[in-house]
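Everything below concerns the one structure shown next.
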Amino acid sequence: MKCLTVADPRRCCGEKCYRELPRYRLLDALQGRGWYSLGSLVHLDSGRVKSNPFQELLVRILSWGGGFVEASRWTGSERFCEEYRGAVFRYIAGRGGSRADAVYTPEADWRSELLQRLPEPLPLIVIDLSLVDKHVSMTELRSLRRQVGATLGVVRRYLWDRHLLLAGGPPGAYEWLRMFIGRGLVDYSLLPSDEAALLRGARRIILLDPNAEQELRPSDVLEADAFIIGGIVDRLPRPSETRRLMLRGLAEPRKLALRGSIHGVPSRLNMLAEIILKARYETCGDVEEAIRSVMSPRDARLRAYVELARWSQGRRKKVPWSLYEELASWLPLSPRDFVRAARMAGLEVEEPANISGHDRAQRVDRRDL
């Protein structure tokens, strides 16, 4: 069982979380009825229960309908709990002797009540589709559509569908994307993305641009109302493509950087959205920590290659194992990927010395050295 509390240091945004995260409006509605132990007549995925079942139930109510009814003899075991405003809310499922006060059912109708409780859907994650016609292959277009669908999934972990805005695309783009959005209530606009965000109440707008002069700072990620991500998928790199987005000049360009460099920073739309939302709601504005938590092994390997190439400067041929330990202190880098990165840079890794105990269990296969 996992229990989140207001004292949890990972959730240090305090009133900002209570004000912006929509699941707390669901907890307000439940508290008003005196219901603190909840179950569900609909099966919830175990991964989503582990993350936060109240968020999952909120998204279900807002997107598909349903609500809670008083439980008569519903029992189970406690799978999740969260403290909010001095009360503890528990999610009950499976077999056990814990009684539920209420259960979620698709037959109830809480959607209107929750919509009235919700504030404006801010912050916005905006995907700019003004360059969608520049994609030259069906592979790129299919990848773009998958990434938009995955971005909606990321937004639903924290907020709900109305916080995702697709803007700037030509007529028909939304219908083309609907296959991966399904019944999602994503907002759509034909206007330039920064203008569309402004009309939806965003006062400060950030454009994520890898070529921007300034890095995204904690104050940017915590205070901005909208974050624009270019809907660009390129199999072959097209430099400065973000600057060709059809905008009105209302957004501040910022780049996501790890230790001053964009190398290795994830570039998929859904991963960029995840970095923003993690930094805003989980890492207290620490952008680099959010980047590291989202990086894939491939991203870490690419960054390690860049660091090794800089280290060798074309003059060194062997890499000491101590350099792996240094990189692994700030990169989610495995020993095997360190070796692969070294090979990409044309370097040989020296045999690690005096490895024993737990370190031996983590040692790279000798054939990879």
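The values are calculated or read from the model by the stated rules, or taken from the named source; none is laboratory data. Just so we're clear, the structure is a prediction, and the values are computed from it rather than from any experiment. Cβ: placed from backbone, ideal geometry, glycine included. Neighbour counts: every protein chain shown. With ligands, DNA and RNA removed, areas are computed over all heavy atoms of the protein, side chains included. Shrake-Rupley method; radii C 1.70, N 1.55, O 1.52, S 1.80 Å.
Below are the figures for this structure:
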{"quantity": "Fraction of beta bridges assigned by DSSP in the chain that are antiparallel (%, nearest 5)", "calculated": "30 percent"}
{"quantity": "For peptides 291-300, 39-48, sequence by mean Cβ density within 10 Å, most packed first", "calculated": "291-300, 39-48"}
{"quantity": "Average Cα contact separation per residue, the stretch 107-231, under 8 Å, 6 or more apart, as relative contact order %", "calculated": "35 percent"}
{"quantity": "Lysines with Cα under 26 Å of K50, excluding same-chain neighbours fewer than 8 positions away", "calculated": "K2, K16, K278"}
{"quantity": "Correct choice for Cα Rg over 2.2 N^0.38 Å that was computed from the model, options (i) 1.08; (ii) 1.12; (iii) 1.01", "calculated": "(ii)"}
{"quantity": "Packing rank of 211-223, 140-152, where each peptide gets the mean count of other beta carbons within 10 Å, highest leading", "calculated": "140-152, 211-223"}
{"quantity": "Whole-percent carbon and sulfur share, accessible surface of the stretch 85-243, 1.4 Å", "calculated": "50 percent"}
{"quantity": "Accessible area (Å², per residue) of the chain, counting only protein heavy atoms and a probe of 1.4 Å", "calculated": "49 Å²"}
{"quantity": "Cβ crowding within 10 Å averaged over residues, with 112-119, 322-329 ranked highest first", "calculated": "322-329, 112-119"}
{"quantity": "Length-normalised contact order for the stretch 37-193 - Cα pairs under 8 Å, 6+ apart - percent", "calculated": "23 percent"}
